[in-house]
Amino acid sequence: MMYYSTNGKAPRADLQKAVTKGLAEDRGLYMPERIPQLPAEFFEGMGERSFAGNASLVAEAFFGEDVPKEQLRRIVADTLSFDCPIVEVEPDIWSLELFHGPTLAFKDVGARFMARLLRHFTKGRGEVNVLVATSGDTGSAVANGFLGVEGIRVFVLYPKGKVSPIQECQFTTLGQNITALEIDGTFDDCQALVKNAFMDAELNEKMQLTSANSINVARFLPQMFYYFQAMAQLQRKGLSQNVVCCVPSGNFGNICAALFAKKAGLPIKRFIAANNANSVFYEYLKTGVYTARPSIQTIANAMDVGDPSNFARIYDLYGKSHEAISADISGATYSNEQIAETIRDCHSRTGYLLDPHGACGYRALKENLQKGEVGFFCETAHPAKFKDTVEGIIGEPIEIPERLQAFMQGTKQSVALSKEFQEFKSFLFSRSR
Ligand SMILES: *Cc1c(COP(=O)(O)O)cnc(C)c1O
């Protein structure tokens, strides 16, 4: 399968190039040139197969021409060592829990799959360096996904004092092939350092660099597995008609994967993209005009994105038609106060504890679901990852899962750097070998 750039000015690439480069030469995002259709037998048997069983067939349809079947199966099996259960919160409203991976966030699947696929493609070709800028969740998922993977080093850049202590522990205590860089600046400064590194000819000559943000096809596409598994579980319950899927969105990588799943044949009726106060996509749906804005800080901080990178993919997927996009996807946007009110209300009425991101999804689904429809929203992180915020809202202590506690017992190791590119570059040079 070949991949083309959404900007249309770069040569087509094979999967190996798309994964090792991340971004196309014209700064566009790679798209598979065709979307494989899964056969009727696949859907009929979906409810009987395991998570990895369904995911392997989906992976084969998309990546089977580029990766031998046996290896692909192993990559999928190694990636999916956990489940994504669907839980009924109240009649017709289900929570797809995407937080059962090692860092308790949905990004674990993409990060783990990408680490293994990158390893497959770069084995014996020298060391690869993954650069990733994070405001919290991406860094922990990527660092843990790549931990101990041979031939790959990861540099996580994060803004000093601006990520939660739990999140910080998840990527600064690992050691091995993971280096945490504490940047004296904002998240945008971190992202700018990474972008500059990719454009620096001297650096690229000396080191193989790639990105593990959701611009990478190997990070966002595997998230399709979640949606097949959601429908498999609903099918088992006899609920696979008129299904609405609601995804709390920031960079729109996760919902983009859901849209690809539908294009590959998964019978999801329609989608809702739930936003916090960063409402660029919501405004686009209303007006047909896409206007990027600086991001606003909210309590659902993994969705604080003012210029969602995967918008380009969605736009392309629907033939650049506002009408087609808004026929399939509706939007919602919520303030911090509304998010807090939703967490409190859902918890007291149903006993189900939402995190601030999932709360946007739950509320958008509840407000938009029509008669005769059944819906699920993605619960994208465990509420304990936002312990202080959530405890402040419900006024009760919440338990921290053991897996999170284990991270907090490690020793923090990070390298402090300024936001000057020269300093970052010299540091990378000092680590090249
Ligand atoms: C990354 C993240 C999101 C947003 O996902 P996108 O793919 O960027 O839209 C939502 N919730 C949580 C907890 C996240 O970590």
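The values are calculated or read from the model by the stated rules, or taken from the named source; none is laboratory data. In this text, all values refer to a predicted model and were calculated from it rather than measured experimentally. Glycine gets a Cβ as well: all are built from the backbone with ideal geometry, and neighbour counts include every protein chain shown. Note: accessible area is taken over every heavy atom of the protein model, side chains too, but ligands, DNA and RNA are not part of it. Shrake-Rupley method; radii C 1.70, N 1.55, O 1.52, S 1.80 Å.
At-a-glance table
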| item | result |
| --- | --- |
| Residue count, the range 149-181 (criterion: touching a strand residue (DSSP E or B) at 6+ places or on another chain (Cβ under 9 Å) and over 18 Å from MET408 (Cβ atoms)) | 11 |
| Only one of ALA300, ALA264 that is crowded, with 21+ Cβ neighbours inside 10 Å and either out of contact with any Pro (no Cβ under 9 Å at 6 or more places or on another chain) or touching a residue at least 60 places away in the same chain (Cβ under 8 Å) (or both) | ALA300 |
| Where GLY331 falls short, out of the listed (1) in a helix (DSSP H, G or I); (2) over 18 Å from the mean Cα position of the chain (by Cα); (3) surrounded by 16 or more Cβ atoms within 10 Å (Cβ to Cβ) | (1) |
| Test: residue in the range 260-270 that is away from the ligand (no atom under 14 Å from the Cβ), touching a Phe, Trp or Tyr at 6+ places or on another chain (Cβ under 8 Å), assigned to a helix (DSSP H, G or I) and over 18 Å from GLY375 (Cα atoms) | no |
| Some residue of the range 53-60 being within 16 Å of the ligand (Cβ to nearest atom) and either open to solvent by 30 Å² or more (accessible area, probe 1.4 Å) or modelled with pLDDT of 95 or more (or both) | no |
| Output for the range 171-209, where each listed residue is more than 16 Å from the ligand (Cβ to nearest atom), closer than 30 Å to PHE51 by Cα and buried (at least 22 other Cβ atoms within 10 Å of the Cβ) | LEU174, ILE178 |
| Hits in the range 36-58 - residues which are farther than 20 Å from PRO85 by Cα and aliphatic (A, V, I, L, M) | LEU38, ALA40 |
| Any hit, the range 370-388, residues being touching a strand residue (DSSP E or B) at 6+ places or on another chain (Cβ under 9 Å), open to solvent by 80 Å² or more (accessible area, probe 1.4 Å) and either farther than 28 Å from PHE228 by Cβ or of a type outside the set (Val, Ile, Thr) (or both) | yes |
| Selection within the range 359-378 - more than 18 Å from LEU234 (Cα to Cα) and among the hydrophobic types (A, V, I, L, M, F, W, C) | ALA359, CYS360, ALA364 |
| Some residue of the range 153-166 being at pLDDT 95 or above, among the charged types (D, E, K, R) and on the phi < 0 side of the Ramachandran plot | yes |
| Lone unmet requirement of (1) surrounded by fewer than 14 Cβ atoms within 10 Å (Cβ to Cβ); (2) farther than 27 Å from THR138 by Cβ; (3) without any contact (Cβ under 8 Å) to a residue 24 or more places away in the chain for ARG349 | (3) |
| Positions within the range 337-358 being within 14 Å of the ligand (Cβ to nearest atom) and touching a strand residue (DSSP E or B) at 6+ places or on another chain (Cβ under 6 Å), in sequence order | ASP355, HIS357, GLY358 |
